[in-house]
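Worksheet: the structure to be examined is printed underneath.
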Amino acid sequence: MRSRDEIVLWPVYFDSTKTRKEGRRIPKRLAKPHPSLEKIGKALERLGVPYRLVPDAAYPRIHWEKSGVALAKKIKPKNKLLKEVASMLEDGKSRS
């Protein structure tokens, strides 16, 4: 169960293969195809945001896929955190 001081970050929020209607929350230019929960966790770690991962959770619209969820401490607005995490995902992809 999440507490009030946590922000929910589903991998689908960052997935470029999904539409806004399917759950993507960031612009397509920032999104990556099929981001993993671990990559989101690493991005949060690089940003210095405390978080915890729940690997067996399923996004409500795609309840048959257990994609997991990241619960990040609320230290800034959700929209700003989403864009920062997305840019860190992009940075991580370009380094490898």
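One table, with the values for the structure above:
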{"item": "Rough spin-label spacing in nm, given labels placed 7 Å along Cα→Cβ, for Glu65 and Lys78", "result": "2.0 nm"}
{"item": "Rg followed by Dmax, in Å, when the chain is reduced to its Cα trace", "result": "12.3, 36"}
{"item": "Under the Karplus curve 6.51 cos²θ - 1.76 cosθ + 1.60, θ = phi - 60°, whole-Hz ³J(HN,Hα) for the stretch 50-55, x wherever Gly or Pro sits", "result": "x, 8, 9, 9, 10, x"}
{"item": "Cα-based equivalent ellipsoid of the stretch 43-92: semi-axis lengths in Å, sorted from largest, via gyration tensor", "result": "21, 12, 11"}
{"item": "Peptides ranked, highest mean first, by Cβ atoms within 10 Å: ranges 15-23, 58-66", "result": "15-23, 58-66"}
{"item": "Residue-averaged 222 nm ellipticity for the chain, from DSSP H runs of 4+ at -39500 (n - 2.57), nearest 500", "result": "-10000 deg cm²/dmol"}
{"item": "Amide H contacts under 5 Å for Ser67, placed H, 5+ residues apart", "result": "Tyr59"}
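Taken together, the values in this text are just the output of simple stated rules run on the coordinates, not laboratory data. On a predicted model such as this, the values are computed, not experimentally measured, just so you know. Here the Cβ is made from the backbone with ideal geometry for all residues, glycine too, and neighbour counts use every protein chain on show.
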